[in-house]
Amino acid sequence: MTTRPSQTADEATNKPVPAKRQRRSIILTDRLCEKRVTQRDKIYDRKCPGLFVSITPRGVATFSVKYTDKAAGRQRIGWLGVYNPETFTVDHARSEVWRLKGKGGDAVAATFRQQKAATAKRGKTVDEIIEERIAWIQVPVKKPDGEMRPRLESWECTASHLRRLVSPRLGKKLASDVTKNDIASLSNDIVAGRHGGKPSVSNARHMRRAASALFNWAAEAGREYVTASPCVNLPKLDAEHARTRVLSADEIRIFWHGLDREDLPWDRKTRLALKFELVTMLRSGELLPAHRDELLALDGDAPCIRVPAKRVKKRRVIEQPLSDLAVEIIREAMATEGQQFVFESPLYPGQPMHRTSMATALRGTQHENNKDKSKKPGLCELLGLKKFTPHDLRRTAATLAGNLGYSDAAIAKCLDHAVTKDDGERINRVTGIYNQSKRMQQKRAVLEGIAAALRRIVGEPAEKAVEQPKVLVAA
C-alpha cells in the first residue's frame, strides 16, 4: 500500500495557499502619506533604502527606518516621527535617515538605543516617580553630627503631600505630559476646597513645594524623566496671615488649674507636657521625646536640658536652662522608677509620646476608637477656652517675657530663633556664625522670670477654673 504524504492545512481545507505579500517599494510622496486606507499599509521608499511609512485607517502616517543592529545580530526598526505636512514631511524623514547613516552603521543602532532609553524614562507616570522620589529621600546619609539619618529628615511630610495632594489628580498621567496649567489648576482647587478637603492656602503651598522638588529631581541628569519642571511661573498664592493667639492672664490661670483636674479624659503626662512647653518655650518635637540622659544637673544650681540636633528645627544642639517650675514638672512626670523618657506614652510603655499628642489633646478627636463613634472633646472645649495650639504656648511665654522687660535678643535665644538685633543694633550674619555662645545666663534669667510670672498668675484659681464643664465625658 502506497503511503500518501501528509496533507497541509490548506490542502485539508481546500483553501489556496496565499502568495507571500511582496514588500511594496515606491518613491514616497507627501500625497501618498495622506491617502486613505481600509487596513494598515506599509510602504518602503525606493529613494532611501530602509525608510518606510506605516499608514493606519485613521489616517495617521508614521515614518520608521529598518536597520541592522550588529551588536544584537538582527534587524531592528527605529521610529522617526509622525507625518505632518508642515513640520515633518517625506523630505524631512529622508534627511533624518541619511543623517543617521552618515554616522555609520554602529552609530545608527546606538542612536536608537539611546532614544529608546529616553522614551522609557519619559514614559514614567507621576505615581512612579513619586514612589521613586520617596524611596530616594528615605535613604540614610551621614549628617554633620556624624549620625546616619534619612536624606530628607522631614520625608514623611513630603511623602504625605505627594501622595495626598498630588497623586489623586496627576498620578496616572505621564510625568512628561504634566503642564504648568495642571499644577495651577490643582493649586486653585486645593485653595477652593475642591480637592483634599477644606479650603487651604497652606496645603496649596505644601503641594507646590513638594511638586516643584519632585519635578526638579526628575529632570536632573541621570534621570531625565522630564525635560523641565512644570512648576514655574505659577500664579502667586494669597498671603497667609501669621498666628497671633496669646493667652491672657485669666486664660493662663484657667488653663493651668484646669490641667490639674482629675475628671479630664486626657492622660496626666500629656497635660504635664503642655505645662512644660509654656514654662520652657521648647517646641513639641523637641520636648516630647526628652530622654533621661538629656537632663543635666537637676539637683544642682544650673539644671538644663540638652536637645540633640536631630530633633531641632535648625539642626543645632539646644541647651535650654530649666527653671525650678520646669524641674517640678519633670519630677512629677518621671515618678516611675526606671522610666527613660520624661513624657512616656500611656499607650506604648517605654516609648515617648507622639509629636501630635499635645495638639490632639487641645483640639479633641472626632472618633475615640473604631467602634465608638462618639467625639472626645479637647481640653480647650472642656475648660471653656478659645481654641489654641501648643505653638501658641511658646508665643504666650515670649509675650510674658517681653512684658517683663527682657530684650528681644534674649527671648529669641530662648525660642531658638536667629538673633538679628541686640539692644536695637543690627547683628551681621557672619558675626552670628562666629559667635557660638549659648547665652545661658541670659536665657536662664528669661525662663526664671517667666516661671515667677506664672506662679504669680496661677497663685489663686479663677472661679471658671473650678466650675464643672458643660460637656462631661467619662474617662
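The values are calculated or read from the model by the stated rules, or taken from the named source; none is laboratory data. These numbers were taken from a predicted model, which means no experiment stands behind them. Here Cβ is always computed from backbone atoms with ideal geometry, including for glycine, and neighbour counts include all displayed protein chains.
Some observations on this one:
- Residues in the stretch 217-260 that are surrounded by 15 or more Cβ atoms within 10 Å (Cβ to Cβ) and outside any helix (DSSP H, G or I): ALA219, ARG223, TYR225, VAL226, SER229, PRO230, CYS231, LEU234, LEU237, VAL246, LEU247, LEU259.
- Residue within the stretch 112-122 that is assigned by TED's automatic domain parsing to the domain that holds GLY78 and aromatic (Phe, Trp, Tyr) present: yes
- Within the set THR38, THR111, THR62, THR68, the sole residue that is under 24 Å from ASP177 (Cα atoms), outside any helix (DSSP H, G or I) and hydroxyl-bearing (Ser, Thr, Tyr) turns out to be THR62.
- Leading residue by the ranking (modelled with the highest pLDDT) among those in the stretch 341-386 that are closer than 29 Å to ARG311 by Cα, in contact with an Asp or Glu (Cβ under 8 Å, 6 or more places away or on another chain) and exposed (fewer than 15 other Cβ atoms within 10 Å of the Cβ): GLN351
- Filter result (without any contact (Cβ under 8 Å) to a residue 12 or more places away in the chain and of a type in the set (A, V, I, L, M, F, W, C)) within the stretch 73-107: ALA107
- Scanning the stretch 211-230 for residues that are under 17 Å from LYS386 (Cα atoms) and either in contact with a Cys (Cβ under 8 Å, 6 or more places away or on another chain) or of a type outside the set (D, E, K, R) (or both) turns up nothing.
- Each residue in the stretch 187-216 was checked for being over 17 Å from THR158 (Cα atoms) and either in contact with a Gly (Cβ under 6 Å, 6 or more places away or on another chain) or part of a helix (DSSP H, G or I) (or both), and 5 pass.
- Failed condition for THR29, given (1) surrounded by fewer than 17 Cβ atoms within 10 Å (Cβ to Cβ); (2) in contact with a strand residue (DSSP E or B) (Cβ under 9 Å, 6 or more places away or on another chain); (3) at pLDDT 80 or above; (4) on the phi < 0 side of the Ramachandran plot: (2)
- For the stretch 83-108, a residue qualifies if it is at pLDDT 85 or above and either part of a strand (DSSP E or B) or within 26 Å of ARG223 (Cβ to Cβ) (or both), and the qualifying residues are ASN84, PHE88.
- If the condition is being of a type outside the set (D, E, K, R) and modelled with pLDDT of 85 or more, then the stretch 114-145 contributes THR125, VAL126, ILE129, ILE130, ILE134, ALA135, TRP136, ILE137, GLN138, VAL139, PRO140, VAL141.
- Subset of the stretch 71-82 (residues that are on the phi > 0 side of the Ramachandran plot and either part of a strand (DSSP E or B) or at pLDDT 90 or above (or both)): GLY81
- Considering the stretch 313-338, the residues that are exposed (fewer than 15 other Cβ atoms within 10 Å of the Cβ) and more than 30 Å from the chain's Cα centre (by Cα) include one that is farthest from ARG456 (Cα to Cα), namely GLY338.
- Whichever residue in the stretch 134-173 is surrounded by 15 or more Cβ atoms within 10 Å (Cβ to Cβ) and aliphatic (A, V, I, L, M) and, among such residues, is nearest to SER202 (Cα to Cα): LEU165
- Answer from PRO140, PRO168 - the residue that is out of contact with any Phe, Trp or Tyr (no Cβ under 9 Å at 6 or more places or on another chain) and over 28 Å from GLY193 (Cβ atoms): PRO140
- Qualifying residue in the stretch 271-283 (condition: on the phi > 0 side of the Ramachandran plot and either in contact with a Cys (Cβ under 7 Å, 6 or more places away or on another chain) or touching a residue at least 60 places away in the same chain (Cβ under 8 Å) (or both)): yes
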